[in-house]
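Step one of this worksheet: look at the structure below.
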């Protein structure tokens with residue numbers, strides 16, 4: 001750090017981190033990385049088979065170039081999957097639930113318990129194989145729906161029950 005910055009006051013938190021000292025962020029399971037990498041692997045395998053068939057039937061060099069580009073993109077996506085899973089977090093507060101995620105475009109969703117209409121818990125085959133579930137919150141405004149992926153089923157059920165109870169308690173005038 002240079003000397004000219006030493007006397008400056010610390011920068012205030014940005015709009016996506018308005019409560020850094022008062023909010024206790026809960027991380028999601030790192031096993032979600034494996035789920036996403038397997039999804040990427042399946043998509044990559046199918047695409048490579050299609051490209052290989054095209055290359056074998058035509059012999060055109062563009063198919064080889066496409067394979068190279070595809071493998072580069074898959075490597076880049078692997079790095080972003082790991083970083084994206086580490087960026088997810090949620091925090092339960094007295095009046096609302098905070099959900100944050102995103103790397104390039106960071107997003108902070110604040111869902112008041114009184115605005116929730118219903119809560120879904122889902123788990124596809126890959127999530128079940130890794131003992132994970134996703135909690136999806138639905139509100140009257142479609143744009144404000146939030147989801148928390150990568151939760152253990154017991155935590156997903158606990159969060160679902162707590163959010164449902166808090167939503168019913170605070171549903172004033174709905």
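Some observations on this one:
- Dividing the alpha-carbon radius of gyration of segment 31-84 by the rule-of-thumb value 2.2 N^0.38 Å gives 1.29.
- Extending 7 Å from the Cα toward the beta-carbon at both residue 71 and residue 24 defines two label points whose distance is 4.8 nm.
- Computed over segment 36-168: relative contact order in percent, which uses C-alpha pairs under 8 Å that are six or more apart: 15
- Measuring r between the beta carbons of residue 49 and residue 83 and using R0 = 25 Å, the FRET efficiency lands at 0.30.
Values in this text are rule-based calculations from the coordinates and carry no lab data. As the structure is a computational prediction, the values presented were derived from the model and not from experiment. A quick note on method: Cβ atoms are made from the backbone with ideal geometry, for glycine too, and the neighbour counts reach across all protein chains shown.
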